[in-house]
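Below is one structure, written out as structure tokens, with a few remarks after it.
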Amino acid sequence: MGTVHAKSLDPLPMHGRDLGMNPDDLSDHQEPEQEAKQEILENKDVVVQHVNVQGLGRTKEDLLGYEISDVFQAKNLIDVMKRAHVARQKLLRLGVFKDVEVLIDTSEGSDALPNGLDVTFEVTEIKRVTGSYNTMVGNNEGSMVLGLKLPNLFGRAEKLTFQFSYGTKETSYGLSFFKPQPGFFERNLTLNAYKVTGQFPWSSLKETDRGLSAELNFPVGWTSHSLKWEGVWRELGCLARSASFAVREESGHSLKSALSHTMSIDSRNSAIFPNRGALLRINQELAGYTGGDASFLKEDFELQLNRRLFWDSVLSASFWGGMLYPLGGQPSCIADRFYLGGPTSVRGFGMYSIGPQSEGDYLGGEAYWAGGLHLYTPLPFRPGRGGFGDLFRTHFFLNAGNLCNLNYGEGPQAHLQKLAECIRWSYGAGIVLRLGNIARLELNYCVPMGVQSGDRICDGVQFGAGIRFL
């Protein structure tokens, strides 16, 4: 490698986020002599002789070997930089380090090769115990969340978390244990123990769940999969004395043991404001096979397509659907059925106020579908472009859907006919605000159509907050 050393160039040593620069841009501000050295380093074959990790405390070295081993495969300086950057991102993803810095230097010592390089990762571990306080936005509800975490519990990226949440409709606390597979972070196991108390005013219902669950997540090709078992003791009660007899009939205790599987394919560039890509999510749940007194088969899916148009506008189409089939001759439980309507699904209708109801209490349904067509555009005249203004979008929408109960003694044609009857739909326009990349707020002017007897509508301005929208 002669007299040209990596440590003699301005871009090296590189620390922290500097490693994320585009290697093609390294020579933009260099002097001619440095450009010549850089060209030699870029084109010259190198050998990564040593990869060191400094600053380890309780983290096991064998865990890190899976994440940084790819650096040894680099063939030139630019390749070393790229692979070291990827390795740094993998180390941060483990959730055990507060900071990771990278130093690339020429090899030294008796075994040093003329073209040898040493790569050093300088890490700072997260504290043994951390706490957090934040607010969360759910589907048209908010909550305050307090958390206590023990990261890297046994030295291999395990995490034990205790969380307490107090919200407008729900209060919960739970203990969870997270364990990833070394070298394959996307393949992980989560164990949960929890208690959740929720209020559902549209049904005059309150529910307290005490449960255990085990969930295994893993990718297969382009798809992500989740296998889950959940055992929950459910206690249903009336939220008000005026609750209907149909809701009072559902009150009492039940035990549900269910197996579920979720498959998803997500090529969107953003979960909140995507301008390209698609999402397909399919979920199946089987209850009663592993015990309990709830017995049913439940299927539902979600499809979303996004396409960018002219002037930064985006056309988005989405479709949801699901069906619940009771097993063993037992009727379905009000807590297991589907619900539809509100600012996060069919806009212009009250929250979950479409479908079967009794004395003003909505009972949910065993089958539903919902579709939406949306046009998102930048704000008129583009105020705050490149900054705060990019968090907003103008929103034009057309929604439709139906929810009902089916007679499973009839054939598929009768089922489709039932779902095609009494379609509720709405249209309107409004403004959407993105909250980070996890939630959004909508303020829309809605015009509900196809209203049926018993439906509760919101004709005019409607506000919505949530993480999942039709």
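The values are calculated or read from the model by the stated rules, or taken from the named source; none is laboratory data. This one's a predicted model, so the numbers in the text were calculated from it and none came from an experiment. We place every Cβ from the backbone using ideal geometry, glycine too, and count neighbours over all the protein chains shown. Keep in mind that these areas ignore ligands, DNA and RNA; they rest on the heavy atoms of the full protein, side chains included. Shrake-Rupley method; radii C 1.70, N 1.55, O 1.52, S 1.80 Å.
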Please work out, to two decimal places, the log10 of the ratio I(q)/I(0) at q = 0.11, 0.17, 0.18 Å⁻¹ from a Debye calculation in which every Cα of segment 252-371 carries one identical scatterer.
-> -0.49, -0.96, -1.03
Per-q log10 I(q)/I(0), the chain, q = 0.06, 0.08, 0.10 Å⁻¹ (Debye; single scatterer per alpha-carbon; no solvent) | -0.38, -0.64, -0.92
Kirkwood Rh, Cα Rg: Rg to Rh for segment 196-311?
-> 1.11
Surface/4 estimate of mean projected area, convex hull on alpha-carbon atoms of segment 342-422, nm² | 7.5 nm²
For the pair Ser242 and Trp311, the simple spin-label estimate (label points 7 Å beyond Cα toward Cβ) gives in nm 4.7 nm
Which whole-number percentage describes the relative contact order of the chain, with Cα contacts under 8 Å and a sequence gap of 6 or more?
-> 9 percent
Would you mind computing the Rg to Rh ratio of segment 49-110 from its alpha-carbon coordinates, Kirkwood style for Rh?
-> 0.95
Using Cα centres only, tell me the gap between segment 58-115 and segment 155-179 in whole Å.
-> 32 Å
State the extension gain, in nm to one decimal, for the chain segment bounded by Glu299 and Ser358, taking 0.36 nm per residue of separation less the distance between their alpha-carbons.
-> 18.7 nm
Charge tally in the Cβ shell below 11 Å around Ala87, where Lys, Arg are +1 and Asp, Glu are -1, Ala87 excluded = +3
Would you mind telling me the share, in percent, of accessible area of segment 157-196 contributed by carbon and sulfur at probe 1.4 angstrom?
-> 63 percent
Taking Lys44 as the anchor, which lysines have their alpha carbon closer than 21 Å to its alpha carbon, excluding any fewer than eight residues away along the same chain?
-> Lys7, Lys75, Lys82
So for the chain: antiparallel DSSP bridges make up what percent, rounded to the nearest 5?
-> 95 percent
With the calculation restricted to Cα positions, what are the radius of gyration and Dmax of segment 323-470 in angstrom?
-> 17.7, 60
Under 18 Å by backbone N from the virtual spin label 7 Å along Cα-to-Cβ at Thr223, the residues of segment 283-320 are 283-286, 298-304
Taking +1 at the Cβ of each Lys and Arg and -1 at the Cβ of each Asp and Glu, which of Leu373, Met263, Gly237 sits farthest along the dipole of the chain towards its positive end, judged by Cα position relative to the Cα centre?
-> Gly237
